[in-house]
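Read the structure below first, then the notes.
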């Protein structure tokens, strides 16, 4: 983590300056971005161990205009639970993460309140699976968030591959307890004004969503009609229902239920992306 804050400001400003001059018609690859970041650090006479942090800053500046082109109501604001005060926090966890009680003891409530007032969807959770699921479901078109540098470094490859418009502010430490962040940067990121005049960067988001849609229960039934039965597994189903069915029919029902429960859908996505490339769609 670059210290002091003045140095972080200088690095971010340089990233913004360079990113503003780069062709954004397509996402940069990780290797391309690393070349630029190394040049920035060399120009500023800074050490290479700042590469990860600077990559996050540069990626955020690269996608800034694309995030601005998405209305706040279609943005997801992601916060880590480690910003909470570990002692005495009254919040519980649900399937989506930390259910903040807005007690005011930490900055989570302030950031969350500001984001929700502007129309954001807000999630206090760690990890990319739930975020990717929300994005693929079609509820949001851009992500802004706060996370530890380690998580953000791992996410860069996935973000660049999928072409997800995003911005992030790294936590100031990786302690995972009572952490802090450059709060002014987070405030500025949340308040990024909507401006839809920016040309769109090529993305695979529509193909990711199309591959997920193939496994909607009704679509799945249409594409792959059942052979051994018509009974669907739902919240009212139990072992007795399956036991009363033909064994192969029960296996078929379980398989259909499993396929419709979600997942990364990597193979159908790769198939769609290959078709897109072969037919000149160019990920648009």
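If we scan the stretch 246-257, do we find a residue that is surrounded by 15 or more Cβ atoms within 10 Å (Cβ to Cβ), under 30 Å from residue 79 (Cα atoms), touching a helix residue (DSSP H, G or I) at 6+ places or on another chain (Cβ under 8 Å) and in contact (Cβ under 8 Å) with a residue 12 or more places away in the chain? Looking through the stretch 246-257, none of the residues is surrounded by 15 or more Cβ atoms within 10 Å (Cβ to Cβ), under 30 Å from residue 79 (Cα atoms), touching a helix residue (DSSP H, G or I) at 6+ places or on another chain (Cβ under 8 Å) and in contact (Cβ under 8 Å) with a residue 12 or more places away in the chain.
From the residues in the stretch 81-129 that are part of a loop (DSSP other than H, G, I, E, B) and modelled with pLDDT of 80 or more, which one is surrounded by the fewest Cβ atoms within 10 Å (Cβ to Cβ)?
First pass over the stretch 81-129, keeping only residues part of a loop (DSSP other than H, G, I, E, B): 84-91, 95-96, 100-106, 118-120, 125-127.
If we keep only those that are modelled with pLDDT of 80 or more too, we end up with 118-120.
Working: 118: 17, 119: 12, 120: 23.
By that ranking, first place goes to 119.
One residue alone among 59, 69, 6 is surrounded by fewer than 21 Cβ atoms within 10 Å (Cβ to Cβ), within 23 Å of residue 131 (Cβ to Cβ), out of contact with any strand residue (DSSP E or B) (no Cβ under 7 Å at 6 or more places or on another chain) and at pLDDT 90 or above, and that residue is 69. For the stretch 202-231, residues that are part of a loop (DSSP other than H, G, I, E, B) and within 16 Å of residue 273 (Cα to Cα) total 4. Within the stretch 12-32, the set of residues being in contact with a helix residue (DSSP H, G or I) (Cβ under 6 Å, 6 or more places away or on another chain) and part of a helix (DSSP H, G or I) comprises 12, 14, 15, 16, 19, 30.
For the stretch 34-52, indicate whether the set of residues that are within 24 Å of residue 141 (Cα to Cα), assigned to a loop (DSSP other than H, G, I, E, B), modelled with pLDDT of 90 or more and out of contact with any strand residue (DSSP E or B) (no Cβ under 7 Å at 6 or more places or on another chain) is non-empty.
So far as the stretch 34-52 goes, no, none of its residues is within 24 Å of residue 141 (Cα to Cα), assigned to a loop (DSSP other than H, G, I, E, B), modelled with pLDDT of 90 or more and out of contact with any strand residue (DSSP E or B) (no Cβ under 7 Å at 6 or more places or on another chain).
Quick test for you: out of 190, 227, pick the one residue that is at pLDDT 85 or above and surrounded by fewer than 12 Cβ atoms within 10 Å (Cβ to Cβ).
227
The values are calculated or read from the model by the stated rules, or taken from the named source; none is laboratory data. Remember, predicted model here, so these are calculated numbers, not experimental data. Cβ atoms come from the backbone with ideal geometry, glycine included; neighbour counts cover every protein chain shown.
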